[in-house]
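To keep things clear, I will list the structure first and then write my remarks on it.
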Amino acid sequence: QVQLVESGGGLVQPGGSLRLSCSASTSIFSFYIMGWYRQAPGKQRELVATITSGGSTNYAGSVKDRFTISRDNAKNTVSLQMNSLKPEDTAVYYCNAQRFALDSWGQGTQVTVSS
């Protein structure tokens with residue numbers, strides 16, 4: 001099990017930007033597929049973006065070209081740069097670490113996009 005701690009959420013106006021970060025406590029961080037998921041009130045948790053150990057990325061269609069996921073294997077961190085934010089991006093964002101069939105989750109960080 002990997003301990004994950006997110007930071008960087010908050011309130012931002014539509015069109016603004018936020019950067020989320022996630023720190024992982026593991027000595028084998030580079031072996032994990034890292035991801036960001038989100039859950040809006042009354043909705044199921046959904047994939048936002050993932051990044052493999054080699055840097056290959058995958059994005060949900062709703063965030064492609066606006067969000068960028070990155071990782072620093074030397075610092076055990078994964079980040080999500082979110083630009084051109086929309087009210088529909090409002091959700092709790094969760095960091096995820098996956099290896100084989102095992103998932104670890106952070107506690108989540110709230111992102112609210114509102115004027």
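The values are calculated or read from the model by the stated rules, or taken from the named source; none is laboratory data. Bear in mind that the values here come from a model prediction, so they are computed numbers and not experimental data. Here the Cβ positions follow ideal geometry from the backbone for every residue, glycine too, while neighbour counts run over all protein chains shown. SASA here: full protein model, heavy atoms, side chains in, ligands and nucleic acids out. Shrake-Rupley method; radii C 1.70, N 1.55, O 1.52, S 1.80 Å.
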Exercise. How much accessible area per residue does the chain have, in Å², with a 1.4 Å probe?
Worked result: 53
Seminar exercise, completed: For the range 57-115, averaging the sequence separation of alpha carbon pairs under 8 Å that lie six or more residues apart and dividing by its residue count, the contact order in percent is 25
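Residue 66 to residue 43: extension gain in nm, 0.36 nm per residue of separation minus the Cα-Cα distance? If you can, show how the numbers build up before the last one.
On the way: separation 23, 0.36 × 23 = 8.28 nm, distance 2.15 nm.
The span from residue 66 to residue 43 would gain 6.1 nm if fully extended.
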Problem set entry | Relative contact order of the chain, defined on C-alpha pairs under 8 angstrom at six or more residues apart (%) | 38
For this session: Would you mind computing, in nm to one decimal, how far apart the modelled labels at residue 25 and residue 53 are, each placed 7 Å from Cα along Cα→Cβ?
Result: 2.2
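Report in % the part of the accessible area of the chain that belongs to carbon and sulfur, leaving out ligands and nucleic acids; probe 1.4 Å. Before the final figure, lay out each step's value.
Working: 2940 of 6140 Å².
With neighbouring chains kept in place, the figure for the chain is 48 percent.
Restricting to Cα pairs below 8 Å that are 6+ residues apart, what does the relative contact order work out to for the range 1-66? Please round to a whole percent. Before the final figure, lay out the partial values.
Numbers: 75 pairs, mean separation 13.9, N = 66.
Across the range 1-66, relative contact order equals 21 percent.
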Exercise. Considering every Cα-Cα pair within the chain, what fraction, in whole percent, is farther apart than 17 Å?
Worked result: 49
For this session: Enumerate the residues in the range 1-35 having an amide nitrogen under 14 Å from the point lying 7 Å beyond the Cα of residue 110 toward its Cβ.
Result: 8-12
Exercise. Which value, in Å² and to the nearest 10, is the accessible area of residue 50 when all protein chains are kept and the probe is 1.4 Å?
Worked result: 30
For this session: Report the accessible area of residue 59, computed with a 1.4 Å probe over the heavy atoms of all protein chains in place, in Å² rounded to the nearest 10.
Result: 50
For this session: Quick one: accessible surface of residue 51, probe radius 1.4 Å, all protein chains present, in square angstrom to the nearest 10.
Result: 10
For this session: Among the lysines, select those whose C-alpha is under 22 Å from the C-alpha of residue 43, and discard any that sit fewer than 8 residues away in the same chain.
Result: 64, 86
